[in-house]
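The values are calculated or read from the model by the stated rules, or taken from the named source; none is laboratory data. In this text, all values refer to a predicted model and were calculated from it rather than measured experimentally. Cβ placement follows ideal geometry from the backbone for every residue including glycine, while neighbour counts extend to all protein chains displayed.
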Amino acid sequence: MRKVLFLFCFVSIALSSCIQSGVFEKNMSFSHNKWSKKNKANFQFHIKDTSSNYLLYLYLRHTDAYPYSNIWLNVYTTIPEETKPVVTRIEVPLADAEGKWFARGMNEIREHKMPLNKNGVVRFTKAGNYTIELEQIMRNDPLPEVMSAGIIIEKQIKN
């Protein structure tokens, strides 16, 4: 019995050292699977630890009927004690040249989790409340077949 308990504890510790520590995760669903330009996905979160690196991901759900292989976004980031956001325009590839999705899928739903910036690593230099807003800037308005958009922030754990 002690060997089983020891083995269980050892495996649990080994696995937990590889798992990222969750800090924030939130998604915004879009009515009728249509994302309007005026409907920005708004996320507010609090950061206490400014000495750690964080992993910042975009989470996007769409159907197989989504008509494009990418999505263009404006990302508005407001840091503590600031009122004017920093705006970053990004292109997010969703499929390869042959049209194969870069996503997990079940039935006709695709779920993308990808870095929101080049390497996904970010350091929040000020403690406090942050806001990130996602605005789709594609030509279609509303953008069809997009079910939800969100962000995931995880504390980077060094092994």
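Observations, loosely collected:
- If the condition is being farther than 30 Å from E81 by Cβ and surrounded by 15 or more Cβ atoms within 10 Å (Cβ to Cβ), then segment 130-139 contributes only M138.
- Filter result for the condition that a residue is aliphatic (A, V, I, L, M), surrounded by fewer than 15 Cβ atoms within 10 Å (Cβ to Cβ) and within 18 Å of S29 (Cα to Cα), over A65, A127, A97: A65
- Residues that are over 23 Å from K37 (Cβ atoms), out of contact with any helix residue (DSSP H, G or I) (no Cβ under 6 Å at 6 or more places or on another chain) and among the polar types (S, T, N, Q) are absent from segment 131-148.
- Looking at S21, S29, S36, just one residue is at pLDDT below 95 and either surrounded by 15 or more Cβ atoms within 10 Å (Cβ to Cβ) or small (G, A, S) (or both), and that residue is S21.
- Checklist (1) part of a loop (DSSP other than H, G, I, E, B); (2) surrounded by 12 or more Cβ atoms within 10 Å (Cβ to Cβ) applied to H112, failing item: (1)
- Test: residue in segment 145-156 that is farther than 15 Å from L58 by Cα, of a type in the set (A, V, I, L, M, F, W, C) and at pLDDT 95 or above: no
- Checking each residue in segment 42-80 for being outside any strand (DSSP E or B) and under 18 Å from F102 (Cα atoms) picks out D64, A65, Y66, P67, Y68, S69.
- Test for K48: is it in contact (Cβ under 8 Å) with a residue 60 or more places away in the chain, surrounded by fewer than 11 Cβ atoms within 10 Å (Cβ to Cβ) and more than 24 Å from D141 (Cα to Cα): yes
- Just so you know, in segment 80-94 the residues that are in contact with a strand residue (DSSP E or B) (Cβ under 6 Å, 6 or more places away or on another chain) and farther than 20 Å from M138 by Cβ include one that is surrounded by the fewest Cβ atoms within 10 Å (Cβ to Cβ), and it is V86.
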